[in-house]
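Bear in mind that the values in this text are calculations on the coordinates, not laboratory data. The structure presented is a predicted model; accordingly, all values stated were derived computationally and were not measured. Cβ atoms come from the backbone with ideal geometry, glycine included; neighbour counts cover every protein chain shown.
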Amino acid sequence: MRATIDLHLPYATRVEQALANRHLKTALERATGRMDGQRVTAMAAVDGERLRDQTQQMKEYALRQWPELLEQLESNLTANGAHVHWAKEAGEVNRTLIQIARKANVQKVVKVKSMVSEEAHLNDALAQAGISVVETDLGEFIIQLAGEPPSHIIAPVIHRRVEDIAEIFQQELDMPPTLDPQVICGVARTHLRREFLGADMGISGCNFAIAETGTIGIVTNEGNGRMSSTLPRVYVVVMGIEKIVPTVEDAFLQYQALCRSATGQQCSVYLSLTSGPRQPGDADGPDEFHVILLDNGRVDMLAKGYGEALCCIRCGACLNVCPVYREIGGHAYGSTYSGPIGAVISGLLHTDVTDVDALPYASTLCCACRDACPVQIDLPRLLLDLRHDIVAEGETSRWERMGMQSFAQIMHNPTLYESGGKMAGLGSNLLAWFGGGSVKRLPGAFAGWTDSRNFPPFAKQSFRSLWRERTKRRKSISGDALA
Amino acid sequence: MSNREDILNRIRIILSRADLPFPPVDAPPLDLDTRMTVTTATGEPRALAARFGAELAKLAGDYEILDSAVEARLALINRLTDWAAEEEAARRGPKLETGQERTVLSWHPDELPVTGLAETLADLGWKLVAPGDLRTPESRDAVRFIRFGLTGVEAAFASTGSLLLLSGAGRSRAASLLPFRHVALIPFSRLYPTMEAWLAERRERGELVDHLRGRAAWNMITGPSKSADIEMNLTLGVHGPKYLHAILFDDIH
């Protein structure tokens, strides 16, 4: 049950493992189909296109005013009584957190699902420092017990069946045998309630940070975000610096675009806005409130021309519509971020992803992701740009470079093109004759194609040849008519 | 150079590049005139209350609409009594004596929109608890097994069935979070068609920014706590309340 998923295997192996997992395909089809259907319904219930336009406009403005808004956020947070920390790399987040924890004598941490903390491998770092971390989102809690990474931005345990989850709970929490999700949920509630009440520190990510007030917003359905930002005496938010929004109204606009795009809800069950530590007279709330602003490649992303990807609000809509994600799931990407947005940003962020250059090719360029995105990020174009960069940087294999150079020469020379076509037609038809109508095995470097599908033989007569015949025939007819 | 300066300076240099493809140089902000209201609701307070209830009911929440604060007080008592009976009927095994059975974790009575609740509940054997400090293990133990929570609202939004609660003295965040069942008292005067309408009113009065900065936390609640993490099956009461009951009442006429 434990640690069956190794994200550091080669990309091809990760994909093969995913495709060989018969339960995964069923789970992915069911979950992504349902989430996407809910998104479509929720966006159709309002002026969804206007919502997308306005959310995009707001994010573009926020990035154009990026440094000023970050300064405003910092200034307001500080004035509200929060402590603001800046981290250039993910490792600095861990060091800062450990420092905060040691200073406040923190033994136990409860954590809300946060992609940025996955980016920093925060749990491992805290565990190594002797600080116990408990994931409190139900899905994240399950995969923490199983020793697995999340496989979807908002549905981290999408790859596990109820039978698997029940088995994990029986082994780890002594749960009596049951497949009733509500009972399993009740067991998690009881267990995690103890953790919440005994925790010294809560850690969460951030869905948006409001510059004009110095406020952090987190969006949850379960209530673990509220628990973690209310009960422990120290609350720390780790946020990517692109999560900035200018105004309170902008935050509520993005919030609604997020909920509708992520789960098809009008509103999540909880929207928790924290502006500072507990105030005098408050019965509850943290005594200390820290915000860690993380770069980790985001500024480089802007510099390299991929700033559009910084508009992402992490709703997961692009994953749910992607035909590649729906086949291979999140773990095959080998990164914290999967799906089309993961294929774009994984290589741009400063993270260690095995075979990261393969990810921009994990796309059919069908553009469904762009149409689903609540901020209308042109993900297919960004994927093509990344492919271009990979080729320009010479990161392709020798065979591929030679092949493309030969192809370019052939395409520039009509004689070569025609003779190449004739040879390919002759060869493929000969192989098809042996294969009973289709080519079942191509030779040499082309064998990769026929490993998973047949190759259709070339037409017996080329278009150029047909065209020549047609022209000749017409000339002959018009010649006869004139005569 | 500190991380802060390095990050901010780099962004400024990059944004000044003429060849930068994104973001657009003239990217305009959303202004109040063009900003959309995502959801809509219209009508008199009672119509808004009906819409609020309909939206909440879609989310497995429950509601009732009443004519006065007096009716709301009675409705609260009935709701608590019914819930206590439900819990007793559903109990399996011996009863766990916690001393917190007929207790309600509440906002301070002065912060609730219905007067005389503590006294009325006391007459019927219920205790209303509004802790001033919930940070120590002892204070938490004193409320740990309370099954019922009671709050008012700062505002409620009809188009989405949402409650907005602000932290502050006498308004513990725990009352709407820790118990298994939560009752929210919503006077019509605090009911708005949409969240945007409420924000616009605060903005127009010039108090929106101070309103948010002046409180440590805002929480918007839309339905009972839930999850679909287990094979997309809906489960309720994951961490927060499993039951949410809204009592809407007319305090205008």
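Take B:R17 and decide whether it is more than 9 Å from chain A (Cβ to nearest Cβ), out of contact with any helix residue (DSSP H, G or I) (no Cβ under 6 Å at 6 or more places or on another chain) and of a type in the set (K, R). Give the derivation first.
On the way: more than 9 Å from chain A (Cβ to nearest Cβ): no; out of contact with any helix residue (DSSP H, G or I) (no Cβ under 6 Å at 6 or more places or on another chain): yes; of a type in the set (K, R): yes.
Spelling it out, it is not the case that B:R17 is more than 9 Å from chain A (Cβ to nearest Cβ), out of contact with any helix residue (DSSP H, G or I) (no Cβ under 6 Å at 6 or more places or on another chain) and of a type in the set (K, R).
Suppose we filter segment B:96-132 for residues that are among the acidic types (D, E), surrounded by 13 or more Cβ atoms within 10 Å (Cβ to Cβ) and under 23 Å from the mean Cα position of the chain (by Cα); how many remain? I'd like the intermediate steps shown before the answer.
If we filter segment B:96-132 for residues that are among the acidic types (D, E), which is where we start, we get B:97, B:101, B:110-111, B:119, B:123.
When the remaining residues are screened for being surrounded by 13 or more Cβ atoms within 10 Å (Cβ to Cβ), the result is B:101, B:111.
Right, trim to under 23 Å from the mean Cα position of the chain (by Cα) and you get B:111.
Residues in segment B:96-132 being among the acidic types (D, E), surrounded by 13 or more Cβ atoms within 10 Å (Cβ to Cβ) and under 23 Å from the mean Cα position of the chain (by Cα): 1 in total.
Out of A:P457, A:P443, I need the residue that is touching a strand residue (DSSP E or B) at 6+ places or on another chain (Cβ under 7 Å), farther than 30 Å from A:C315 by Cβ and not acidic (D, E). Which one? If you could, list the steps in order and put the result at the bottom.
Details: A:P443 fails: touching a strand residue (DSSP E or B) at 6+ places or on another chain (Cβ under 7 Å).
Among A:P457, A:P443, only A:P457 is touching a strand residue (DSSP E or B) at 6+ places or on another chain (Cβ under 7 Å), farther than 30 Å from A:C315 by Cβ and not acidic (D, E).
Being outside any loop (DSSP other than H, G, I, E, B) and among the aliphatic types (A, V, I, L, M) narrows it down to one of B:A85, B:A27, B:A60, B:A18, so name that one. It would help to see each step written out before you state the result.
Values: B:A27 fails: outside any loop (DSSP other than H, G, I, E, B); B:A60 fails: outside any loop (DSSP other than H, G, I, E, B); B:A18 fails: outside any loop (DSSP other than H, G, I, E, B).
Sole residue among the options that is outside any loop (DSSP other than H, G, I, E, B) and among the aliphatic types (A, V, I, L, M): B:A85.
Any chance segment B:178-199 includes a residue that's small (G, A, S) and more than 25 Å from B:I252 (Cα to Cα)?
Just the residues of segment B:178-199 that are small (G, A, S), to begin with: B:184, B:189, B:197.
If we keep only those that are more than 25 Å from B:I252 (Cα to Cα) too, we end up with none.
Within segment B:178-199, not a single residue is small (G, A, S) and more than 25 Å from B:I252 (Cα to Cα).
If you check every pair at least six apart or on different chains, which have Cβ atoms under 6 Å apart with a residue in segment A:179-201 that is touching a residue at least 60 places away in the same chain (Cβ under 8 Å) and at the interface with chain B (Cβ under 8 Å from one of its Cβ atoms) first and a residue that is hydrophobic (A, V, I, L, M, F, W, C) and not in a loop (DSSP other than H, G, I, E, B) second?
From segment A:179-201, the pairs are A:F196/A:V110; A:F196/A:M227.
For segment B:133-164, how many residues meet the condition of being outside any loop (DSSP other than H, G, I, E, B), more than 10 Å from chain A (Cβ to nearest Cβ) and surrounded by 20 or more Cβ atoms within 10 Å (Cβ to Cβ)?
Step one: of segment B:133-164, the residues outside any loop (DSSP other than H, G, I, E, B) are B:137-141, B:148-151, B:155-157, B:162-164.
With the extra rule that they be more than 10 Å from chain A (Cβ to nearest Cβ), the set shrinks to B:138, B:148-151, B:155-156, B:163.
With the extra rule that they be surrounded by 20 or more Cβ atoms within 10 Å (Cβ to Cβ), the set shrinks to B:148-151, B:155-156, B:163.
So the count comes out to 7.
Sort out which residues of segment A:151-190 are on the phi < 0 side of the Ramachandran plot, part of a loop (DSSP other than H, G, I, E, B) and surrounded by fewer than 21 Cβ atoms within 10 Å (Cβ to Cβ), and write them in order of number.
Of segment A:151-190, the ones on the phi < 0 side of the Ramachandran plot are A:151-173, A:175-190.
Next, only the ones that are part of a loop (DSSP other than H, G, I, E, B) stay: A:151-161, A:175-180.
Across segment A:151-190, the qualifying residues are A:R161, A:M175, A:P176, A:P177, A:T178, A:L179, A:D180.
Take segment B:217-236 and flag every residue that is outside any strand (DSSP E or B) and either under 15 Å from the mean Cα position of the chain (by Cα) or more than 7 Å from every other protein chain (Cβ to nearest Cβ) (or both). Let's see the steps before the verdict.
Just the residues of segment B:217-236 that are outside any strand (DSSP E or B), to begin with: B:222-225, B:228-234.
B:T222, B:G223, B:P224, B:S225, B:A228, B:L234, listed by residue number.
Can you pull out the residues in segment A:2-58 that are of a type in the set (S, T, Y), within 14 Å of another protein chain (Cβ to nearest Cβ) and either in contact (Cβ under 8 Å) with a residue 12 or more places away in the chain or over 27 Å from A:T263 (Cβ atoms) (or both)?
A:T32, A:T41, A:T55
Condition check: assigned to a loop (DSSP other than H, G, I, E, B), out of contact with any helix residue (DSSP H, G or I) (no Cβ under 9 Å at 6 or more places or on another chain) and more than 24 Å from A:A362 (Cα to Cα). Does A:G437 satisfy that? Even if it seems obvious, please write down each step before you answer.
Numbers: assigned to a loop (DSSP other than H, G, I, E, B): yes; out of contact with any helix residue (DSSP H, G or I) (no Cβ under 9 Å at 6 or more places or on another chain): yes; more than 24 Å from A:A362 (Cα to Cα): yes.
Answer is yes for this residue.
Going residue by residue through segment B:181-190, is there one that turns out to be surrounded by fewer than 21 Cβ atoms within 10 Å (Cβ to Cβ), facing chain A (nearest Cβ under 9 Å) and either outside any loop (DSSP other than H, G, I, E, B) or touching a residue at least 40 places away in the same chain (Cβ under 8 Å) (or both)?
The answer is no, given that none of the residues of segment B:181-190 is surrounded by fewer than 21 Cβ atoms within 10 Å (Cβ to Cβ), facing chain A (nearest Cβ under 9 Å) and either outside any loop (DSSP other than H, G, I, E, B) or touching a residue at least 40 places away in the same chain (Cβ under 8 Å) (or both).
For residues in segment A:110-125 being in a helix (DSSP H, G or I) and either free of Cβ contacts under 8 Å to residues at least 40 places away in the same chain or in contact with a strand residue (DSSP E or B) (Cβ under 9 Å, 6 or more places away or on another chain) (or both), which is surrounded by the most Cβ atoms within 10 Å (Cβ to Cβ)?
Residue satisfying both the conditions and the ranking: A:S117.
Restricting the search to segment A:229-286, which residues are at the interface with chain B (Cβ under 8 Å from one of its Cβ atoms), among the acidic types (D, E) and touching a helix residue (DSSP H, G or I) at 6+ places or on another chain (Cβ under 9 Å)?
Of everything in segment A:229-286, those that are at the interface with chain B (Cβ under 8 Å from one of its Cβ atoms), among the acidic types (D, E) and touching a helix residue (DSSP H, G or I) at 6+ places or on another chain (Cβ under 9 Å) turn out to be A:E249, A:D250, A:D284.
Which numbered condition in (1) within 30 Å of B:L15 (Cβ to Cβ); (2) surrounded by fewer than 21 Cβ atoms within 10 Å (Cβ to Cβ) is the only one that A:N94 fails?
Of the numbered conditions (1) within 30 Å of B:L15 (Cβ to Cβ); (2) surrounded by fewer than 21 Cβ atoms within 10 Å (Cβ to Cβ), the odd one out for A:N94 is (2).
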